[in-house]
1. Taking H placed 1.01 Å from N in the peptide plane, check which residues at least 5 places from residue 110 or on another chain put their amide H under 5 Å from its amide H.
2. Charges only on Cβ, +1 for Lys and Arg, -1 for Asp and Glu: so what's the dipole of segment 19-264 about the Cα centre, in debye to the nearest 20?
3. If the cut-off is a Cα-Cα distance under 16 Å, which aspartates and glutamates reach residue 131, setting aside same-chain residues fewer than 8 apart in sequence?
4. Where the only charges are on Cβ atoms (+1 Lys, Arg; -1 Asp, Glu), what is the dipole of segment 267-426 about its Cα centre, to the nearest 20 debye?
5. Grab the beta carbon distance between residue 248 and residue 84, set R0 = 22 Å, and tell me the FRET efficiency rounded to 0.05.
6. For segment 19-264, just the Cα atoms, rotate onto the principal axes and tell me the three extents in Å, largest first.
7. Straight-line reach from residue 334: which lysines fall under 25 Å, measuring Cα to Cα and dropping same-chain residues less than 8 apart?
8. With a bin width of 10 angstrom, please list the P(r) values of segment 72-182 as percents of all Cα-Cα pairs, from the 0 bin to the one holding the largest distance.
Amino acid sequence: MSEQLTLTRDLTEPEPIPEAGIARANELMRSGRLFRYGEMGADQLDASLLEEEFAAFVGRRYCVAVNSGGAAIFLALKLLDVEAGAPVLVNGFTLAPVPGAIRHAGARPVIVEIGQDYCIDTDDLAAKARKSGAKVLVLSHMRGHIADMDAVMAACADLGLALVEDCAHALCASWRGRAIGTFGAIGAFSAQTYKHLNAGEGGFVVLDDEDMAARAILHSGSYMLHAQHRSAPPPGVIARWSEQTPNFSLRMTALAAALLRSQLAELPRRARRWNEIHDRIGARLSRSQHVRLPHRSPHETYSATSVQFSLPGLSMDEITAALAACKARGLPVKWFGGEKQVGFTSAPRHWRYAGDQGPLTATHHVLASLCDIRTPVTLTDEECDLIGDIVCEAIETVVRASVRPRADATPARHQADGFITTREDET
């Protein structure tokens, strides 16, 4: 029986790098030419070819490869001329590198509330934009949950906001068939391990404006070797900016690019399998009356590398006990409601460097019961079922052992886009 089984799979184990990437990396290491630029000519083409290929994959004119997803967001803010001390809006469900990138740019994070489905609250967005005077929104498509982009774009137009999309978890995702990362003035992607592409560390800025593309190349650290970029505006555009743009040394290495190029062709297959894993675990979790899964719009095409769910009826002690029971059976579950930051997981209340944000009542309420499971793309169907069973059984054990009175709050279930979800407002 599943309650006697332990998950023996390491959920932090990534898929191997394709052999073509390993072979090219070995060539580069033997040559020692790991820097993306060649002083004797464009003999290190890996990064430049990757930029060209990634821009085409996403559907934007230009791409500049940098050394991390956080660096990509920082660079995007510099391209939008965000000034020191300026307010920058960001949704409350994100990871620490996002407000960190805002601070890195010298700006001030203004955190916007999220709703029960983990996405930005556009009413609070409007209120915070007007109150703060912010002109830029960093929209984090956190864990691949896509907001109503029609509403977001309408709000940005109405409020005069420039949009930067944090797409660290949203490669291959779309809204109404339009790729995520193409809605904003700039899209920022990550190639850190556990993302859709894995170079250990790395990032991309994608955009369409030729002047911003020129500045991005120069800011990234091209020195005077910018002619080696294939995804680039005409030389005259770069010349306009070459003596006005500081070098921030954000470059991606040729080695990282070589590892990533070999993975691009595999992305559609990997994304399909990730979604199968996500949906199978979600369907298993939905059997518990204590689990709430987020509603997803039929306009959203997601690309999930992890599974999120909420436990809104459980106390902090009960959640702690349930997750401890999961861990005892080999299943680590991240929790955004923990008192302290753990691993990669933190919440706005932990970001004291962001300054006083006011109550953020809705965001804290949602994050208080939000749980997160990493899902490597190589999980088997049997392992997916076991993960769902471990969580459900841990919750039921804790709830049965609880001595406090419990209200009957069985959530209704409905089918949406092949994923069984639960809605608190349907109870």
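1. 88, 89, 90
2. Values: 22 positive and 26 negative charges, 76 e Å.
Once rounded to the nearest 20, the dipole reads 360 debye.
3. Result set, ordered by chain and number: 113, 121, 123, 158, 356.
4. Values: 21 positive and 20 negative charges, 74 e Å.
With Lys and Arg at +1 and Asp and Glu at -1, about 360 debye.
5. Values: r = 15 Å, r/R0 = 0.70.
E between residue 248 and residue 84, to the nearest 0.05, is 0.90.
6. 55, 40, 29
7. Counting by Cα, and skipping residues close in sequence, residue 334 has these lysines nearby: 195.
8. 15, 52, 31, 2
Read the figures in this text as sums done on the coordinates, not as results from a lab. The shown structure was predicted, so the numbers you read here are calculated from the model rather than taken from an experiment. As a convention, Cβ positions derive from the backbone with ideal geometry for all residues, glycine included, and neighbour counts pool all protein chains shown.
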